[in-house]
Amino acid sequence: MSEQISVVAGRSYSGFSTVTECGLAGMVTLRGDLSSPEIAAAVLAATGCAVPGQRRRVVAGDWSASWMSPDELLLTGPYEAAPGVVDRLTVALAGQHALAVDVSDARASFRVAGPKAAQVLMKLAPVDFAALEGDELRRTRLGQIAAALWQSGPEEYSLVCFRSVASYAFGVLENAARPGSELFAG
């Protein structure tokens with residue numbers, strides 16, 4: 001069996017903000033009726049997370065549940081635990097119209113941190129970062145690619161994109177974080 005590696009091997013860049021590829025993360029896509037009590041119970045049992053509301057994230061311990069669409073959640077946690085979460089969800093939701101899939105190796109994640117982290121992302125994504133709430137997730141464009149992003153800490157944002165475009169994502173984030181490319185003085 002081949003060794004799993006992150007797509008851009010943990011690269012980082014420090015400019016007026018720091019851009020970091022986060023490495024391997026467990027990611028499970030769950031499709032189904034998110035208002036179903038069976039799905040709510042299965043997600044809670046498998047991850048400790050409640051089903052989030054529209055465009056929201058819920059965090060419990062090592063796991064988060066993110067609303068991706070009216071019938072889709074992205075469950076994120078430890079890489080090695082993702083297959084077990086898929087198994088638990090599959091058993092718990094047997095007979096339900098639902099599907100759980102381990103997409104860990106199909107996604108890449110990044111972090112942008114620093115006092116001007118929002119400025120880096122403002123250049124690339126049509127999001128009002130001043131209005132972005134702490135538990136809010138936005139699916140948007142990052143330059144020319146699809147991404148989901150959220151505020152993961154004070155002066156810090158995390159984002160997820162498809163692995164196939166991760167090099168592009170790192171490149172545009174790095175370019176946007178270069179000194180001299182600030183949007184606002186100060």
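Measure nothing but the geometry: give the 0 to 90° angle between the long axis through the Cα atoms of 37-47 and the longest principal axis through the Cα atoms of the chain, rounded to 10°. On a 0 to 90 degree scale, this one is about 60.
Normalised by residue count, segment 1-77 yields a Cα convex hull volume of 130 Å³ per residue.
Ignoring GluC sites (Glu not before Pro) that are buried or in helix or strand per DSSP, and keeping those with at most 16 other beta carbon atoms within 10 Å, what is the longest stretch of the chain between them? It runs 4-132. Segment 142-170 and segment 4-73 have Cα centres spaced 13 Å apart.
Entry note: segment 35-120 has Rg to Rh equal to 1.01, where both radii use alpha-carbon atoms and Rh is the Kirkwood radius.
For the chain, the longest principal axis of the Cα atoms and the long axis of helix 82-92 meet at an angle of about 40 degrees. Counting every other Cβ atom within 10 Å of each residue's Cβ, Ser12, Ser17 order from fewest to most as Ser12, Ser17. Between Ala9 and Glu72, the simple spin-label model (points 7 angstrom out along Cα→Cβ) gives 3.1 nm. Shown is the FRET efficiency for Thr18 and Arg141, computed with R0 = 25 Å from the Cβ-Cβ distance and rounded to the nearest 0.05: 0.65.
All of the numbers you see were taken from the coordinates with simple rules; none came from a lab. Keep in mind that this is a model prediction, so the values were computed, not measured. We place every Cβ from the backbone using ideal geometry, glycine too, and count neighbours over all the protein chains shown.
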